[in-house]
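K.L.:
Structure provided below as structure tokens; questions to follow.
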Amino acid sequence: MKQEQMKVKKQAYLILLSVLFLKGIAFGACMGSDRELPIRAALELNIGESQEVKLTNGEIVRIKLLEITDKRDTYRNAIRGSEIKISVDDEMVTLNSGNYNLPVTVGKVQIDCPVIKNYYSNTNQDRWGLSKDARFRLWPKGSPYMKPGTFVYPIKQEWLASLSQAGNEPTYADWGESRESSIYYHSGFDIGGAEGMDEIVSATDGLVISSNNLTLDGYTDFPGDVRPDVVYIKDSRGWVFRYSHLDSVLPEIQPGVNVKAGQKIGYIGKQGQSGGWVHLHFEIKHKETSSGEWGTEDPYIYAWEAYNRQYRPSLMAVARPHQIAWVGEPVALNGSKSRSFEGDITSFEWQFSDGTAAMGPVQKKIYDRPGEYSEILKVTDSKGNVDYDFMVVQVFGPENSEHSIPAIHAAFHPTLDIEPGEPVTFLARTFNGGAGNEIWDFGDGSPTVETQSEPVNRKASSKGEFAKTIHSFSKAGHYIVRVKRENEYGYTATGLLHVVVDK
Ligand SMILES: [Zn+2]
């Protein structure tokens, strides 16, 4: 991990140097006169400062930043949430930053806060280009976040079908969180999946400016590294979309090619500096920052909206971001980011790993043994729709070396439109798993199945295979698939997957 991060830092430094050197040469080319404007306005404020903002519908609102507090864990002092108090035309509202939060409607606007300066206290890199205490994005009340027809969900997969890392979530999905490494508050939206199986598509129409280890002439100024597993696509807003860790990129996705929203560009993988878990790193970068430097545009809300438009789910359970804690320390489990689109959510039911259950969106739980836990959230709405999500909790003991706690990444394919009897591929990889086996329980009464994913080499985590098993479900329904692995220290990691088999 350390070596990988040092490599990352070194590369980031080289990129920064080249960006500084090449700035001005390429940036002029970014801003054509036919540039499509985003629907959101953006601004940055210091605490105590107020500004009038012109929304993209021409209305004017006055925003004042009143106070920022953050919540940190006691394990590595990472920010887990925040309260950003603002007034919008003298109406007070409190926002959170990133971490699967959607914009809040107040007065004439919908507003969110993608970053606060507090993250700079212990981030391993500036990925935001923030100059003041907080950045805000504002949309007119009732407006979409992204113009309809210009943005699609970048992977052909059920919503949150595997692990994920949202904007500002401390990264964890590979080896688990570590006090030995500096904190990477995630930049962009990581969507876990099944290696070489889930299709990655372009979210927007755009011009491929880098892919297959090549870069388009004249486009040397972009934020990141040129790699075989990374595709950069620039859209008509001038925003650069990054798709990383692809197992394979289609040969026709060459620099200079124009792609359409929804066009396949490759398959999900764990190539490059993925940490060894299979995911799409999906990120938007632009220079619409007060510093004029490249900054990240948190894509989670756009992905949420695009998924809703395309797949029309009746209900979406969200039990994220993940949590960490010491043994004996209370952990807050929060399912209140779940949404119903046909009615109201009438119940939040938690089914815990210790066999107990509780009702209500927010729960407190204490763990008496280190390990990686996965807690079930079942939400039901007034129309009788049901959905599930899982909250991952990593628990550490003072006497443990942190590398003694296993962590698991599980995924499956296909995730959409599964029919009874259809073979589904299940994949798992355990980090710090020792010599143990993964034990799969498919939740349908069938016998358990054992697999063994090979040990992950910290210095070459993109190498090696996930363990694989194939299962089919005979009846339609919701299934909770559980995969567990215990290591030589007696600690267990548990991963859960929600499989919907259609009639
Ligand atoms: Zn990522």
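The values are calculated or read from the model by the stated rules, or taken from the named source; none is laboratory data. Predicted model only: the values in this text are computed from it and were never measured. Cβ atoms come from the backbone with ideal geometry, glycine included; neighbour counts cover every protein chain shown.
K.L.:
Can you say whether GLU158 is at pLDDT 95 or above, away from the ligand (no atom under 16 Å from the Cβ) and either touching an Asp or Glu at 6+ places or on another chain (Cβ under 7 Å) or not in a strand (DSSP E or B) (or both), as far as the supplied structure shows?
P.N.:
yes
K.L.:
Do we have any residue at all in segment 262-282 that's of a type in the set (D, E, K, R), within 16 Å of the ligand (Cβ to nearest atom) and out of contact with any Phe, Trp or Tyr (no Cβ under 7 Å at 6 or more places or on another chain)?
P.N.:
no
K.L.:
Looking at segment 412-503, what strands (runs of 3 or more DSSP E) fall wholly within it and have at least 2 residues that are closer than 24 Å to GLU199 by Cα and in contact (Cβ under 8 Å) with a residue 40 or more places away in the chain?
P.N.:
424-431, 467-471, 477-486, 492-501
K.L.:
Turning to a different aspect of this structure: Could you tell me which of the residues THR171, THR150, THR204 is within 13 Å of the ligand (Cβ to nearest atom) and of a type in the set (Ser, Thr, Tyr)?
P.N.:
THR171
K.L.:
Scanning for something closer than 22 Å to ASP381 by Cα and either surrounded by 14 or more Cβ atoms within 10 Å (Cβ to Cβ) or in contact with a strand residue (DSSP E or B) (Cβ under 6 Å, 6 or more places away or on another chain) (or both), does segment 326-333 turn up at least one residue?
P.N.:
Looking for residues that are closer than 22 Å to ASP381 by Cα and either surrounded by 14 or more Cβ atoms within 10 Å (Cβ to Cβ) or in contact with a strand residue (DSSP E or B) (Cβ under 6 Å, 6 or more places away or on another chain) (or both), one finds at least one in segment 326-333, hence yes.
K.L.:
What's the number of the only condition in (1) over 29 Å from PRO313 (Cα atoms); (2) surrounded by fewer than 22 Cβ atoms within 10 Å (Cβ to Cβ) that SER143 fails to meet?
P.N.:
Of the numbered conditions (1) over 29 Å from PRO313 (Cα atoms); (2) surrounded by fewer than 22 Cβ atoms within 10 Å (Cβ to Cβ), the odd one out for SER143 is (1).
K.L.:
Just to be sure I understand the filter: pairs with C-beta atoms under 8 Å, separated by 6 or more residues or on different chains, first member in segment 178-192 and free of Cβ contacts under 8 Å to residues at least 12 places away in the same chain, second member within 9 Å of the ligand (Cβ to nearest atom) and of a type in the set (Lys, Arg). Which pairs pass?
P.N.:
So the pair list comes out empty.
K.L.:
Of everything in segment 215-261, what is within 15 Å of the ligand (Cβ to nearest atom), in contact with a His (Cβ under 8 Å, 6 or more places away or on another chain) and basic (Lys, Arg)? Give them in sequence order.
P.N.:
ARG242, the sole residue that qualifies.
K.L.:
Select from segment 315-326 the residues that are within 14 Å of SER353 (Cβ to Cβ) and either aromatic (Phe, Trp, Tyr) or in contact with a Gly (Cβ under 9 Å, 6 or more places away or on another chain) (or both) and list them in ascending order.
P.N.:
Within segment 315-326, just ALA319 meets the criteria.
K.L.:
Test each condition in (1) touching a helix residue (DSSP H, G or I) at 6+ places or on another chain (Cβ under 9 Å); (2) away from the ligand (no atom under 16 Å from the Cβ) for PHE136 and report the one that comes out false.
P.N.:
Failing condition for PHE136: (1).
K.L.:
Test PHE151 against the stated conditions and say whether it is aromatic (Phe, Trp, Tyr), crowded, with 21+ Cβ neighbours inside 10 Å and not in a loop (DSSP other than H, G, I, E, B).
P.N.:
no
K.L.:
A follow-up question, please. Would you pick out the residues in segment 198-211 that are buried (at least 20 other Cβ atoms within 10 Å of the Cβ) and more than 20 Å from GLN165 (Cα to Cα)?
P.N.:
Those that are buried (at least 20 other Cβ atoms within 10 Å of the Cβ) and more than 20 Å from GLN165 (Cα to Cα): THR204, GLY206, VAL208, ILE209, SER210, SER211.
K.L.:
Here's another thing I want to ask about it. Here is a list of conditions, (1) within 16 Å of the ligand (Cβ to nearest atom); (2) modelled with pLDDT under 95, and GLY292 meets all of them except one; can you say which number that is?
P.N.:
Unmet for GLY292, out of (1) within 16 Å of the ligand (Cβ to nearest atom); (2) modelled with pLDDT under 95: (1).
Quick grid of which residues meet (1) over 30 Å from GLU199 (Cα atoms); (2) in a strand (DSSP E or B); (3) assigned by TED's automatic domain parsing to the domain that holds GLY295:
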site	(1), (2), (3)
CYS113	yes, yes, no
TRP128	no, no, no
PHE136	yes, yes, no
SER162	no, no, yes
GLY167	no, no, yes
TYR172	no, no, yes
GLU177	no, no, yes
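K.L.:
List the pairs whose first member sits in segment 272-285 and is on the phi > 0 side of the Ramachandran plot, whose second member is aliphatic (A, V, I, L, M) and more than 8 Å from the ligand (Cβ to nearest atom), and whose Cβ atoms are under 9 Å apart, counting only residues at least 6 apart or on separate chains?
P.N.:
From segment 272-285, the pairs are GLY272/VAL230; GLY272/LEU246; GLY275/MET1; GLY275/ALA173; GLY276/VAL456; GLY276/ALA460.
K.L.:
Okay, next question. So SER181 clears everything in (1) more than 16 Å from the ligand (Cβ to nearest atom); (2) part of a loop (DSSP other than H, G, I, E, B) except one condition, right? Which one?
P.N.:
(1)
K.L.:
Follow-up question, since we're still on this one. Has segment 71-81 got at least one residue that is out of contact with any Asp or Glu (no Cβ under 9 Å at 6 or more places or on another chain), surrounded by fewer than 16 Cβ atoms within 10 Å (Cβ to Cβ) and modelled with pLDDT under 95?
P.N.:
Looking for residues that are out of contact with any Asp or Glu (no Cβ under 9 Å at 6 or more places or on another chain), surrounded by fewer than 16 Cβ atoms within 10 Å (Cβ to Cβ) and modelled with pLDDT under 95, one finds none in segment 71-81, hence no.
K.L.:
Among the residues in segment 192-199, are any touching a His at 6+ places or on another chain (Cβ under 8 Å) and within 15 Å of the ligand (Cβ to nearest atom)?
P.N.:
Checked against the condition, which is being touching a His at 6+ places or on another chain (Cβ under 8 Å) and within 15 Å of the ligand (Cβ to nearest atom), segment 192-199 yields at least one hit.
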